Structure formats: C-alpha cells, structure tokens
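Beneath this line is the structure, given in structure tokens, with notes to follow.
The values are calculated or read from the model by the stated rules, or taken from the named source; none is laboratory data. Everything numeric in this text was worked out from a predicted model, so none of it was measured. Counting neighbours? That spans all protein chains shown, and the Cβs are built from the backbone with ideal geometry, glycine included.
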There are 2 protein chains.
Amino acid sequence: MNFELTILGSSSAIPTSERYPTAQVLNVLERFFLIDCGEGTQIQLRRLKINFAKISHICISHLHGDHYYGLIGFISTRNLLGINNDLHIYAHSELKNLLQPQIDYLKADLQFKIIFHPLNFRKPELIFSDNRAEILSFPLKHSVPVCGFLFREKAQLPHMRKEKIAEYQIPLRQIQTIKEGAGFTTESGAVIPHSELTTPAAPPRSYAFCTDTAYFEPAAEIIRGVDLLYHEATFLDEMAGWAAQTYHSTARQAAEMARNAQAKKLLIGHFSTRYKELQPFLDEARQIFPDTELASDGARFRISR
Amino acid sequence: MNFELTILGSSSAIPTSERYPTAQVLNVLERFFLIDCGEGTQIQLRRLKINFAKISHICISHLHGDHYYGLIGFISTRNLLGINNDLHIYAHSELKNLLQPQIDYLKADLQFKIIFHPLNFRKPELIFSDNRAEILSFPLKHSVPVCGFLFREKAQLPHMRKEKIAEYQIPLRQIQTIKEGAGFTTESGAVIPHSELTTPAAPPRSYAFCTDTAYFEPAAEIIRGVDLLYHEATFLDEMAGWAAQTYHSTARQAAEMARNAQAKKLLIGHFSTRYKELQPFLDEARQIFPDTELASDGARFRISR
C-alpha cells in the first residue's frame, strides 16, 4: 500500500517558468492529502493525473499567497467536476475571511460543504485522525503564524503466524483478539503467549512538512525519526543573515534539522528565484545530511514499508 | 511598431494539462493590456518573458473564476518584483468586493494603488484612451453580466512628403500644423493644399475580444471591420442547443460573427475540455469564415500595418 509524496510546486514566493509555488500531495494508503495550494495547483493535479475526488483534506501552512492562492480555483473546478463530498481545510482561522466573498459568489452552485478547521499556532495539535492516518500540526517560526505538519500512518495490528493457527487449531473468531494483544488458551489449558502467535506489523511510515520557517529547534523533537522530511531551503548559507531576517532557512539549516531530528531522508525546496543553479543547495545540505534530494515539480517520493 | 496579441490561456472553465484558463496580452505600441486573468496568468507571463512592469491596465470580461482567479497572484508578484506604478482594473464593480480581503491582507506591503473602474453592462463605453490606444467595452450575452472589448490604435497623423518640403521650402515650424490638416501658403501667396503635401498614415489597427457569450448580433456593428476578432467557441455546432442554454457559442457561430462583422481574421478559443481534438472546430469555422485560426497557449498573432 502506497505512502507517496508528489511535488506539485517547489518555488518560493515568485513562480518561475520551471517551478510553481508550493503545493504537494501525500498519498497515504489511497487517501490523498493536499499540503499547501499555491496558484496553479489544479493545473498540476490535472497534469499529474491526480483525481480531484480523492482530495477531501487540505493543510495550509500559513497565509502568504504563494501557499494558498490556488485554493479557490481548486474548489471551483472540484465543483465543476461534480464532486460532492465535503472539503476540510486546516488553516489559520483568517483564511475563511479571505476567501469568503469568492466562496459566497460560488455558493448557489456549490455542491459540497467547505469546513474550515483553525490551526493552533501555539502548540502541537492532532488535527486529523482516521483508521489509516493522523496529522499533527506544530508551530514553526516565520514572519506570520505558520504550522508544520507531521503525517503518520496508523500503526497496524501484528500479523498472525499461519503455522501457529494450524498448530493450535485456533478458531477464526479468536484471531482478531489475538491480533489486538491476547494470548490463546488451548483445550488442555496451556496459554500460548501473543508474541509466539504473531509477527509485528511493519512500523508506520511518516512524513513531515516544514515551510516557511527559520531554523526552529523545537520542531526536531516533534518530528524525531520521521521517514521523510521536507524542509524549506530558500537560501544558501552565504545568505544566512538575510535568511534569518526574513525567517527562512538555508540549505545548511534544513540539513541540520534533518540530522538533529534523525530523519531518514531529507527533501529541500522553496528555492529563491535568485538562484539559477540548484546543485550548490544539494552540495551544502549533503555535507551535513547525505541523504538529501532536491524537490522538483512532478517528482514523486515513495516510502516503502 | 507592434500590435500583437499573445495567448496566455485558451481553455474554458476547467484547465487542461495543455491549456490554462483565459488570459491574453495585447501589445499596442509597447503598451501591454492584460485581457482576463485566469489562474496561472503570472506563470505564463514569466514563461513568455513578458515584463510585469509594462502591464498597468487589466480588462476583466466577467466574474467567472476562470477569467479572474489569477489576478491576486499577479498583483502579489508584481508587488514582490518592486513595481510601483498604479494598476487599473476594468471589471464588474463586484470584483473589488471579491478581492478586497486578500488585497487588505497585502496592503501594508503594497507599493502601488489598485484602481477599479466599473464596467457598463448596458451599453458600449469608452473605458480607456491615451495617445496610443483606446478601449471600448460593450455588452455581450452570458449567464452573468459580461463585456467584450474593442482595442483600437489611435489614428496617426499623415506623413509629410519630403520632396514637397524641399520644393516649397516649408519651414520646420509649420510641419506639425500641416500634418494636422492645414495647407501651406507660399511667399507668392499660392496655397498648396494639405492633400498634396502629405500621404495618409496607415489605418489604425484593431482587436476585439468576445468571451463568454452566446451569439450576440448587436456586437457585430460595434466591432465592424476589426482586424482580428477573438471569439469564444466552447462547443461544436452539434451541441448548439447546449451552447444556447449555457450562453456559449459554437465554432459556427463564432465564424458567423466574424463574417457579419466583416472582421479580417478570426481566432477561436475557450474550447470545452470534452473535446480532445480541435481540428473539427477549425473545419466548422472555416466553412463560413476561411481566415480562422485556433488559439493555443503561447501563440502570438501580429497585425501588421
């Protein structure tokens, strides 16, 4: 079952001819989460043949336009395509006011409800949970309130060992309770422990999204051990002063976050348009965290079990 | 001097992987007019290397999202690029209200004024005029109020015939008044008529933009003799009934408008995404109006003098 990230846009505030503003889709077991929604998101979704109907949850990190100007177009097209399941948007409470006149203008024709869930910018908060995945939002540090997001696959129950079912003639009706942690008592009264009857499920996979932000130490604890970390790297280390002033990160700082959080893999993006060549970002980050990749529009990153 | 149209987007309401929603740029003697501004307009402008600083006037035909959702991103990027000349937007008066919360959110940082000019949807109106060009708006017929736009180069003064300047020894200071229509009186008192001293300037060039609209007869009179007509052709004639119900046009109707208005050339666009092949649009239109072309993103159409 898939756990796969698709980059729709990887530019910073100003799009380029190669890069759209920030937007990503995370597929968690065929549930698709849209993460930020810069202008052109709906165009990229169509190019990459991602089904609009599968997207019912959108996380918006903060209210700079390059992270949400594509929302109204996505909403409008989702409606024109005849999709009618509710749409949940997790964002700063102000987003509703920013979009309200445009949503009202559509309203007579709108076939689904839009439910705004305000983010908490003071502390981490579980914002979504179902049987497949959960999402934790957590504060980062920018010129306006911003949240990162940690997506975690739900832990799966352990697998029954088939040979043990045969060996002890375990009835079907007891399988679920054993998976949930029970042992099995044989007819002779012997108790076979849970651990002998099962093999552990694969560890749940996780993805963390951190943009726009200065290097922000407290995030490392929250995302510790994450399988894939996307961290903005707007500048190179030579512009660390300007990065600090604008509450952005350098490639070096993104790599330091990955190292300190013991992430398994790092993906950097949100490059300033002043850079024509991106290899220096990769070189700078890999000196500190070797398993780093550059985000690029259309690229997919799969996390295997 | 240029009179050139560039297509930024040629899709109808839903963008495709090949076509952005409606947006065009008309270059009239290096003054650039943006006509409609669907989502992704700023991305197309950057791809096509059109200077944001040259765009200070935007005409928005109507308030369906595929014709204006790119405005806020254009405004934001124009600001980030440090451009500070005023921006004039000609649109339905309601547009201001739709964008106001997002503009207010930018306002502290906004370096230019945005001036909204409400369109008149009841009768034709001159909405812009300077020494190079003028724009006439005129009502069309859609499910919401919509205007077409007629762009006309200003008539130029006639050219002086150099051999006549020499022959009659016309002083430099009289050239301008002769160009403006006067004759020249020689020292002997003979009056040389204006017509002998000058050759007429090339006729002013013109461009008309008509979307979204059903076939609307009164427009033909307004745009009569236009050099280039862009007319929407959302459907083929086989869907004429549905076109009428949704206040759109067929390729055949677009061609009929071009013929009836005695346009010199026709450009059709705003194709419904249901059509994978566009050749039938061209075939249908050319049966009635042979000099027809299909709009496609990035295409340029130059009108020579």
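Being within 26 Å of A:Ile14 (Cα to Cα), in the same structural domain as A:Pro15 (by TED's automatic domain parsing) and polar (S, T, N, Q) is the requirement here; does A:Gln262 meet it? No; evaluated as a whole, the condition is false for this residue. A:Ala53 fulfils the conditions (1) touching a Pro at 6+ places or on another chain (Cβ under 8 Å); (2) more than 10 Å from every other protein chain (Cβ to nearest Cβ); (3) in a helix (DSSP H, G or I) except for a single criterion, (1). Based on what the data block shows, is B:Leu136 aliphatic (A, V, I, L, M), under 18 Å from the mean Cα position of the chain (by Cα) and facing another protein chain (nearest Cβ under 10 Å)? No: the conditions fail for B:Leu136.
Hydrophobic (A, V, I, L, M, F, W, C), assigned to a strand (DSSP E or B), touching a Phe, Trp or Tyr at 6+ places or on another chain (Cβ under 7 Å) and surrounded by 20 or more Cβ atoms within 10 Å (Cβ to Cβ) - does that describe any residue in segment A:194-202?
First pass over segment A:194-202, keeping only residues hydrophobic (A, V, I, L, M, F, W, C): A:197, A:201-202.
From what is left, the residues that are assigned to a strand (DSSP E or B) are none.
There is no residue in segment A:194-202 that is hydrophobic (A, V, I, L, M, F, W, C), assigned to a strand (DSSP E or B), touching a Phe, Trp or Tyr at 6+ places or on another chain (Cβ under 7 Å) and surrounded by 20 or more Cβ atoms within 10 Å (Cβ to Cβ).
Exactly one residue out of A:Glu277, A:Glu293, A:Glu284 is free of Cβ contacts under 8 Å to residues at least 60 places away in the same chain and closer than 21 Å to A:Ile50 by Cβ: that is A:Glu293. Taken together, the criteria place B:Leu48 among residues that are surrounded by fewer than 24 Cβ atoms within 10 Å (Cβ to Cβ), in contact (Cβ under 8 Å) with a residue 24 or more places away in the chain, hydrophobic (A, V, I, L, M, F, W, C) and facing another protein chain (nearest Cβ under 10 Å).
Count, please, the residues in segment B:113-135 that happen to be of a type outside the set (Val, Ile, Thr) and touching a helix residue (DSSP H, G or I) at 6+ places or on another chain (Cβ under 7 Å). Even if it seems obvious, please write down each step before you answer.
Restricting attention to segment B:113-135, the residues satisfying the condition of being of a type outside the set (Val, Ile, Thr) are B:113, B:116-126, B:128-134.
From what is left, the residues that are touching a helix residue (DSSP H, G or I) at 6+ places or on another chain (Cβ under 7 Å) are B:116, B:124.
Looking only at that region, the number is 2.
Taken over segment A:184-193, the criterion of being in a loop (DSSP other than H, G, I, E, B) and more than 15 Å from A:His159 (Cα to Cα) is satisfied by A:Thr186, A:Glu187, A:Ser188, A:Gly189, A:Ala190.
Answer yes or no: is there a residue in segment B:98-108 that is closer than 24 Å to B:Leu278 by Cβ and modelled with pLDDT of 95 or more. Scanning segment B:98-108, I find no residue that is closer than 24 Å to B:Leu278 by Cβ and modelled with pLDDT of 95 or more, so the answer is no. Among the conditions (1) surrounded by 15 or more Cβ atoms within 10 Å (Cβ to Cβ); (2) in a loop (DSSP other than H, G, I, E, B), the only one that A:Gly181 does not satisfy is (1). For segment B:80-114, a residue qualifies if it is facing chain A (nearest Cβ under 10 Å), within 21 Å of A:Ser143 (Cβ to Cβ) and not aliphatic (A, V, I, L, M), and the qualifying residues are B:Pro101, B:Gln102, B:Asp104, B:Tyr105. Only residues that are surrounded by fewer than 23 Cβ atoms within 10 Å (Cβ to Cβ), more than 14 Å from chain B (Cβ to nearest Cβ) and among the polar types (S, T, N, Q) were counted in segment A:3-28, giving 2.
Would you check if B:Lys123 is modelled with pLDDT of 95 or more, among the basic types (Lys, Arg) and within 27 Å of A:Leu80 (Cα to Cα)?
Numbers: modelled with pLDDT of 95 or more: yes; among the basic types (Lys, Arg): yes; within 27 Å of A:Leu80 (Cα to Cα): no.
No.
Evaluating B:Ser129 against the criteria (1) in contact with a Phe, Trp or Tyr (Cβ under 8 Å, 6 or more places away or on another chain); (2) loosely packed, with under 13 Cβ neighbours inside 10 Å leaves one unmet condition, (1).
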